[in-house]
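**Q** Below you will find the structure I want to go over with you.
The values are calculated or read from the model by the stated rules, or taken from the named source; none is laboratory data. Note that the structure is predicted; figures quoted are calculated from it, not measured. Neighbour counts run over all protein chains shown; Cβ positions are idealised from the backbone, glycine included. All accessible areas refer to the heavy atoms of the entire protein, side chains included, with ligands and DNA or RNA removed. Shrake-Rupley method; radii C 1.70, N 1.55, O 1.52, S 1.80 Å.
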Amino acid sequence: MRLRRSLLYMPGSDWRKIEKAARELEADCVCMDLEDGVALDRKAEARETVARALQTLDFGRSERLVRLNALDTPLYTADLETVAPLRPDGIVLPKVNSAESLRTLDAQLSEVERAAGIAAGSTSLLAIIETAAGVVHLREIVQASPRLVALIFGAEDFATSLGAVRTSHNTEVLYARSKVATYAAAFGLQAIDIVYTNFRDAKGLEREARQGLEMGFAGKQLIHPAQIAVVHQVYAPSAEEVKWAQRVVQAFEAQQAAGAGAFALDGRMIDMPLVQQARRVLERAQAAD
Ligand code: COA
Ligand code: MG
């Protein structure tokens, strides 16, 4: 699976930020936004700017994503028709409430790929779950399209949809946030965590990113370049964690050869789930190199 620790948004109308993300920043995913980051009177301009970026900029190792306006808006069709033929790596669809919207987009992408001579199925989909209906329909949504690679959880819109009060402790979104991570894992998808809007607060970002990692998220949505390094650091295991993981795996192999399933290491019981966790840590360390 592709590394998606950092998904950086920028308004599709802001050429300077897009160019900066393509040339200088090393976000795993660069998401040019046509939706809520763009003022209503600049929607058409944003579409053209994103089209120019897809045609002319080299994004290096970053995945090139575009967030469209939601499927039930009058902007959606022009967004899709402008952007999809230009071979973005993936389309981010916001406010996914049902499997139906992903099925519709999947079929439209197949049509565009056919017409543009793009390999069938090569455009990925990332679905933003950010409404109460989206959370309720997760079971159908995750099975709606083979293009789907990730679920993104949007806390701000979700809180609005729920009539909840948004807080810094995130308790009001815990159920939905955790449900998104769980459904993603159950269906072999990645889950991408909430935006930390206070972009000057690196400590707070680090705390929230760690919480997301601990909850099973593969990465986090970002809005500012300064957030990239913080999140990559959180996703890279510390030297101590790596050492612990190596010892667990080595001890496991020795114990297994001696016929023991569970065994003790430093006063802690180690058995299969812990060995698997240790292997995950080693995978993350490798990915961070
Ligand atoms: N992507 C790429 N570059 C960005 C960026 C982003 N999201 N946010 C800021 N930058 C660049 C700025 O252009 C500036 O570069 P420069 O000095 O070469 O011009 C540099 O990083 C420092 O930016 P700074 O002055 O600290 O921030 P700002 O006041 O220009 O912008 C925001 C603050 C919040 C408006 C901006 O970060 C932003 O637009 N974020 C994304 C918003 C968005 O897309 N929202 C929708 C999805 S939730
Ligand atoms: Mg949103």
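**Q** Do we find that LEU54 is part of a loop (DSSP other than H, G, I, E, B) and either touching a residue at least 12 places away in the same chain (Cβ under 8 Å) or not small (Gly, Ala, Ser) (or both) in this structure? Spell out the reasoning first.
**A** Numbers: part of a loop (DSSP other than H, G, I, E, B): no; either touching a residue at least 12 places away in the same chain (Cβ under 8 Å) or not small (Gly, Ala, Ser) (or both): yes.
In short, no.
Each row is one residue, and each column tells you yes or no for (1) open to solvent by 60 Å² or more (accessible area, probe 1.4 Å); (2) assigned to a loop (DSSP other than H, G, I, E, B); (3) more than 16 Å from ligand 2 (Cβ to nearest atom); (4) of a type in the set (Phe, Trp, Tyr).
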| residue | (1), (2), (3), (4) |
| --- | --- |
| MET1 | yes, yes, yes, no |
| ARG16 | yes, no, yes, no |
| ALA27 | no, yes, yes, no |
| VAL38 | no, yes, no, no |
| PRO74 | yes, yes, yes, no |
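**Q** What is the one condition in (1) more than 28 Å from ARG52 (Cα to Cα); (2) in a helix (DSSP H, G or I) that ASN97 does not satisfy?
**A** Single failed check for ASN97: (2).
**Q** Just need a number here: residues in region 32-82 that are away from ligand 1 (no atom under 16 Å from the Cβ) and aromatic (Phe, Trp, Tyr).
**A** 1
**Q** Confirm whether GLN255 is surrounded by 15 or more Cβ atoms within 10 Å (Cβ to Cβ) and not assigned by TED's automatic domain parsing to the domain that holds LEU151. Talk me through it step by step, then tell me what you get.
**A** On the way: surrounded by 15 or more Cβ atoms within 10 Å (Cβ to Cβ): yes; not assigned by TED's automatic domain parsing to the domain that holds LEU151: yes.
Criteria met by GLN255.
**Q** A further question on this structure: Can you say whether ARG67 is touching an Asp or Glu at 6+ places or on another chain (Cβ under 9 Å), under 21 Å from SER124 (Cα atoms) and without any contact (Cβ under 8 Å) to a residue 40 or more places away in the chain, as far as the supplied structure shows?
**A** no
**Q** Can you name every residue in region 11-23 that is out of contact with any Ser or Thr (no Cβ under 9 Å at 6 or more places or on another chain) and either hydroxyl-bearing (Ser, Thr, Tyr) or touching a residue at least 60 places away in the same chain (Cβ under 8 Å) (or both)?
**A** LYS20, the sole residue that qualifies.
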